[in-house]
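Reviewing the structure listed below.
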Amino acid sequence: MTKRMLDRWIPAGARVAEIGVGVGHYTEHLAARGCRIHLIDITQRLLDSTVVRLRNADLERQFAGVSRLSATDLSGIDRSSFDAVVLLGPLYHLCELSDRRRAVEEAAGVLKRSGFVYAAGINRLPYFRDLFRQRPQVAVERREFHHQLLNDGNVDPEHVPSLGFAHLTTAAEFRSLFAGLFDEVILAGVESFTAAWQPTLNGLPAEQADTWLDLVEQTGATPEGLGASDHFLFVGRKVG
C-alpha cells in the first residue's frame, strides 16, 4: 500500500529526501523509478547498508546525497529543494510531541512549494490486541503501564522489546501533527482488515494480492479501516 501511494504522487525523476532510511526498502523502490534520493538518518550503519543496497542494485547513480542527521534538525540540507519528503520511521521513534512537531516542520522546510510529505505512524490499539492474543495473563501487572500508554502513547524496551523507546499514536493525534503546514491528501491505515494476516497477503500470487490490496485501499481511509490497521500513512501537500 505504501508503494502504491508513493507511485501515485511522486513522479519518476523527482528529487526526494528520505528521512529515516531503515533497511532501504523504499529507497530502492524510488530509485528504480528514476528518483534522485538524498539519504538522511541518525544511524550511520543504516545509511551505509542502504548505500550498499543501491550499489548492489546498480542504482548508485540515483544518489543525490547522504547525510547523518536527526529528523528534528536538517541543518545543512538545502531549503525548499525537494519534490517529496519520505518520513516513514522517525515520527514513531520520537517520544516527545515537540520533537515530532519539529520533525514535521523540518520536513516542510526542505520541500518545494506544493511538495509532498509521506509520514508513517504506529496505531496505539494493536499493542493491546496482540498482547491480549499472546499474553492475556499480564493485564493486571501491566495495569499502570497501560494507563500511561493510553495517556501519552509511549512505550519502552521492557514492554515492547521489538520497538524499544517509541510512540504509538491515534489517528486524530497523528493528523494534528501536520495541521497548518500541509493540506491532507489522504490519511490511511495501510493494512486495514488484513492487519493480523500479513503473511497470508504476502504469500498470495500477484493478481490475488493486487485484488485484495484494491479492497485495502478502498477501506483503509475509513474510520473502521484506520482503527483496524497497525500503521497510519499520512500524505500531505505543503501549504503555500
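None of the figures in this text is laboratory data; all of them are computed from the coordinates on show. All of these numbers come straight from a predicted model, not from anything done at the bench. Note that each Cβ is placed from the backbone with ideal geometry, even for glycine, and that neighbours are counted across all protein chains shown.
Remark: the stretch 5-14, residue by residue, has Karplus-estimated 3J(HN,Hα) of 5, 4, 5, 6, 10, 10, x, 4, x, 5 Hz, where x stands for each Gly or Pro and the curve is 6.51 cos²θ - 1.76 cosθ + 1.60 at θ = phi - 60°. In order along the stretch 123-129, the phi-based Karplus estimate (6.51 cos²θ - 1.76 cosθ + 1.60, θ = phi - 60°) of 3J(HN,Hα) comes to 5, 6, 5, x, 4, 5, 4 Hz; Gly and Pro are listed as x.
Helical runs assigned H by DSSP (4 residues or longer) give the chain a calculated mean residue ellipticity at 222 nm of -11500 deg cm²/dmol, each run adding -39500 (n - 2.57) before division by the residue total. Residue-wise HN-Hα couplings along the stretch 154-163, as the Karplus relation 6.51 cos²θ - 1.76 cosθ + 1.60 with θ = phi - 60° gives them from phi, are 8, 10, 9, x, 5, 9, 9, x, 5, 9 Hz; Gly and Pro carry x.
The Cα center of the stretch 172-235 and the Cα center of the stretch 101-156 differ in position by 15 Å.
On the basis of the beta-carbon distance and an R0 of 51 Å, R133 and R79 show a calculated FRET efficiency of 0.65. Each Lys and Arg Cβ is given +1 and each Asp and Glu Cβ -1; about its Cα centre, the chain then shows a dipole of about 440 debye.
Here the extension length gained between E207 and E144 equals 18.0 nm, from 0.36 nm per residue of separation less the Cα-Cα distance.
Beta bridges from DSSP with both residues in the chain: antiparallel share about 45 percent, rounded to the nearest 5.
Decide, for the stretch 98-225, between rounded, prolate and oblate: order the square roots of the alpha carbon gyration tensor eigenvalues as a ≥ b ≥ c, take rounded if a/c falls under 1.5, and otherwise choose prolate if a/b is larger than b/c, else oblate.
On the way: a/c = 2.26, a/b = 1.11, b/c = 2.03.
The shape class here is oblate.
State the answer as a single residue: which of A14, P126, T27 lies farthest towards the positive end of the charge dipole of the chain, with beta carbon charges of +1 for Lys and Arg and -1 for Asp and Glu, about the Cα centre. Positive-end residue among those listed: A14.
Taking amide H atoms as placed 1.01 Å from N in the peptide plane, the amide H of N123 lies under 5 Å from those of T169, H231, F232, each 5 or more residues away in sequence or on another chain. For the pair N56 and N154, a Förster radius of 35 Å applied to the C-beta separation gives a FRET efficiency near 0.40, rounded to the nearest 0.05. Considering only V185, A84, V138, the residue lying farthest towards the positive end of the dipole of the chain is A84, judged by Cα position with unit charges set on Cβ. Think of the stretch 1-155 as having a plus end and a minus end, set by charges on the Cβ of Lys, Arg, Asp and Glu; of L39, T2, G115, T2 sits farthest toward the positive end of this dipole.
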